[in-house]
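Only one structure is covered here, and it is reproduced in the block below.
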Amino acid sequence: EKPVIKPTAKTTGRRSALADWIASPENPFTARVMVNRVWQRHFAEGLVATPNDFGMLGEAPSHPELLDALARHFMDHEWSIKQTIREVVLSRTYGST
């Protein structure tokens, strides 16, 4: 869906539209990239091994359901990196490393 651009007397509204689109729940890409980096920080490798390329040339996620679950958790907890780190480090996976 196209972003809605709302110009005002002082701005074109394009940056606000972009920011709203980036942080939209309908656009989980941003959250997936962020939680992949959190995972990478704690496990040395991300769920997507190519963190700088989530596109067509990048690798597919090793565990797409986990990546999506963490992205939903991140968005549901107001985009809190702290809460996402807590979710990761309190997991059985992290405890077994």
message: Could you list, ordered by first residue, the pairs with Cβ atoms under 8 Å in which the first is in region 29-48 and of a type in the set (Phe, Trp, Tyr) and the second is open to solvent by less than 30 Å² (accessible area, probe 1.4 Å) and part of a loop (DSSP other than H, G, I, E, B), at least 6 apart or interchain?
response: TRP39/GLY46; TRP39/LEU47
Residue that is modelled with the lowest pLDDT [pool: residues in region 2-22 that are basic (Lys, Arg) and in a loop (DSSP other than H, G, I, E, B)]: LYS2
message: Show me the helices (runs of 4 or more DSSP H) found entirely inside region 23-97 where at least 1 residues are open to solvent by 40 Å² or more (accessible area, probe 1.4 Å) and either in contact with an Asp or Glu (Cβ under 7 Å, 6 or more places away or on another chain) or under 28 Å from PRO3 (Cα atoms) (or both).
response: 29-43, 64-76, 81-89
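The values are calculated or read from the model by the stated rules, or taken from the named source; none is laboratory data. What you see is a predicted model, and the numbers here were worked out from it, not measured in a lab. Cβ atoms come from the backbone with ideal geometry, glycine included; neighbour counts cover every protein chain shown. Accessible surface is based on the protein model in full, side chains and every heavy atom, while ligands, DNA and RNA are left aside. Shrake-Rupley method; radii C 1.70, N 1.55, O 1.52, S 1.80 Å.
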